[in-house]
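*Asks:* My questions all concern the structure below.
The values are calculated or read from the model by the stated rules, or taken from the named source; none is laboratory data. Only a predicted model underlies this, so the values are computations on that prediction, with no experimental measurement involved. Cβ placement follows ideal geometry from the backbone for every residue including glycine, while neighbour counts extend to all protein chains displayed.
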Amino acid sequence: MSIDDVKAGEWLVVLAYLVCGVRCLLTAKAERRCGHQDARTLWQAVGVTALLLALLKVFGFQTIVIKGLRLVFRDHGWYSDRRELQGWAIYFVVAAAVVGLTLIWLKRDSLVRLSATSSVRSGATASIVLLMFVAVRAISLHDVDTFLYRLPVVGEYMSIGIELLLILILAWVSHRAAAAARRHLKRSAIPTRAGR
């Protein structure tokens, strides 16, 4: 797959990943200024991951991996059992996402203390959901896309639409976190007068 093979909808996804990645890195910078190192680390990791996903999308990494896995499965005689292996891999990804989301919920109070807002909790939640969707699509070897394509009216655009929506939610959460960090920085910079 070359850059010329990427469809218009996929270019929107690439653009969304690029914007989201830059937005998350700017949020990391804002969190650093506030002294929120854990929030900064989260937003840096999410930003770099989004930029990496943009590059992988442009160069068709998912398609390359899928073709490679098909060859390996055929060479080792596993191809007839691929559905069961895919199912177990998808269960693992979903279970890991559920565990991650549960930990975020259980630790919500301590996570809020890591940042000026609940940006760590919201950012981690949005990231986990997006990565779970991307991973399940990749593991299913396009079966998820095939299912979504069969939906009436908007089926062809459904997987791109879901991915775009999740990316935009993550970018929005990042934007709100940066704004909250800037407000926190302004409040902490305002000198208080003694005796009032």
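*Asks:* Residues in the stretch 32-43 that are in a helix (DSSP H, G or I) and over 13 Å from residue 173 (Cβ atoms): how many?
*Replies:* Selection size over the stretch 32-43: 6.
*Asks:* Given the options 105, 88, name the one that is out of contact with any Asp or Glu (no Cβ under 8 Å at 6 or more places or on another chain), part of a helix (DSSP H, G or I), closer than 30 Å to residue 188 by Cα and aromatic (Phe, Trp, Tyr).
*Replies:* 105
*Asks:* Quick one: which residue in 17, 79 is of a type outside the set (A, V, I, L, M, F, W, C), touching a Lys or Arg at 6+ places or on another chain (Cβ under 8 Å) and either exposed (fewer than 15 other Cβ atoms within 10 Å of the Cβ) or over 23 Å from residue 181 (Cα atoms) (or both)?
*Replies:* Answer to the selection: 79.
*Asks:* Okay, moving on. Taking interchain pairs and intrachain pairs at least six residues apart, which have beta carbon atoms under 6 angstrom, with the first residue in the stretch 37-62 and under 20 Å from residue 182 (Cα atoms) and the second in a loop (DSSP other than H, G, I, E, B)?
*Replies:* Going by the 6 Å Cβ cut-off, the qualifying pairs are 38/114; 39/114; 39/115.
*Asks:* Can you list residue pairs whose Cβ atoms sit under 6 Å apart, with the first residue in the stretch 111-128 being modelled with pLDDT under 85 and the second being among the polar types (S, T, N, Q) and not in a helix (DSSP H, G or I)? Count only pairs 6 or more apart in sequence or on different chains.
*Replies:* Final answer for the pair search is 112/118.
*Asks:* Among the residues of the stretch 38-62, write down those that are modelled with pLDDT under 90 and of a type outside the set (Phe, Trp, Tyr).
*Replies:* 38, 39, 40, 41, 42, 56, 57, 58, 60, 62
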